[in-house]
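Note sheet for the following structure.
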Amino acid sequence: MHDIVIISGSPSVDSRSQKVLGYIGDRLNEKGLSIGHISVRDIPGEDLMFGNFNSPEVTGTSEKIRNAKGIIVGSPVYKAAYSGVLKSLFDILPKDIMKDKPVLPVMSGGSISHLLALEYALKPLISTLKGTTLKGVYYLDSQIDKTSAFPIQDEELIQRTEVQVEELLGKMGVEGVFP
């Protein structure tokens with residue numbers, strides 16, 4: 001069982017949202033929290049396309065999420081929403097998989113005009129799975145350096161990220177992880 005499960009909705013191996021999620025996970029791990037990672041790339045495409053609810057990867061994913069105390073979900077913005085493959089994954093998970101769990105939504109996109117994808121696409125999706133959504137963090141692609149061990153390049157954005165992660169931890173009953 002993990003304290004927090006991080007779910008990456010990026011179909012790309014080298015994405016900005018994946019890099020940010022990894023960074024957040026590493027920081028939390030350094031603070032002594034147990035972090036589990038789920039990537040849509042780890043679920044066979046056939047299971048996602050044909051709704052194979054009973055595949056070992058899908059049932060294992062469900063178990064990880066069900067046993068977590070908190071969840072972080074991240075996705076790049078595609079056509080004003082989260083990735084289609086993330087939706088495919090969520091479609092085959094149990095309808096209440098995130099019940100009463102705090103969920104921090106994270107998205108990255110090419111321009112500020114995609115900011116509303118967080119509010120009008122990802123948060124409602126999390127709510128349908130009964131998760132308790134937090135404010136969330138939106139990252140502009142220009143604020144993320146995929147080649148750096150510290151991908152978030154803007155100090156104010158680092159602080160906003162830490163505040164949101166701290167809120168997630170507070171909802172889980174863990175306090176004072178970040179300065």
**Report entry** Tabulated pairs, segment 65-80, first within 12 Å of residue 110 (Cβ to Cβ) and in contact (Cβ under 8 Å) with a residue 40 or more places away in the chain, second surrounded by fewer than 24 Cβ atoms within 10 Å (Cβ to Cβ) and of a type in the set (A, V, I, L, M, F, W, C), C-beta under 9 angstrom, 6+ apart or interchain
**Finding:** 77/115; 77/117; 77/118; 77/121; 80/116; 80/117; 80/121
**Report entry** Test for residue 161: is it of a type in the set (Val, Ile, Thr), closer than 30 Å to residue 46 by Cα, in a helix (DSSP H, G or I) and within 14 Å of the chain's Cα centre (by Cα)
**Finding:** no
Requested in this report: Kindly establish whether residue 10 is modelled with pLDDT of 95 or more, assigned to a loop (DSSP other than H, G, I, E, B) and either surrounded by 18 or more Cβ atoms within 10 Å (Cβ to Cβ) or not basic (Lys, Arg) (or both).
Outcome: yes
Report task. State all residues of segment 13-30 that are more than 11 Å from the chain's Cα centre (by Cα), surrounded by 13 or more Cβ atoms within 10 Å (Cβ to Cβ) and touching a residue at least 12 places away in the same chain (Cβ under 8 Å); if no residue qualifies, say none. Result -> 15, 16, 19, 23, 27, 28
Query - So residue 36, is it within 29 Å of residue 157 (Cα to Cα), of a type in the set (Gly, Ala, Ser) and part of a helix (DSSP H, G or I) - result: no
Query raised in the report: Within segment 13-33, which residues are of a type in the set (A, V, I, L, M) and in a loop (DSSP other than H, G, I, E, B)?
Result: 13, 33
Query - Residues of segment 68-106 classified as in a loop (DSSP other than H, G, I, E, B) and closer than 11 Å to residue 127 by Cα, total - result: 7
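The values are calculated or read from the model by the stated rules, or taken from the named source; none is laboratory data. Since this is a predicted model, take the numbers as computed values, not measurements. With ideal geometry, Cβ positions are generated from the backbone for all residues, glycine too; neighbour counts draw on all protein chains shown.
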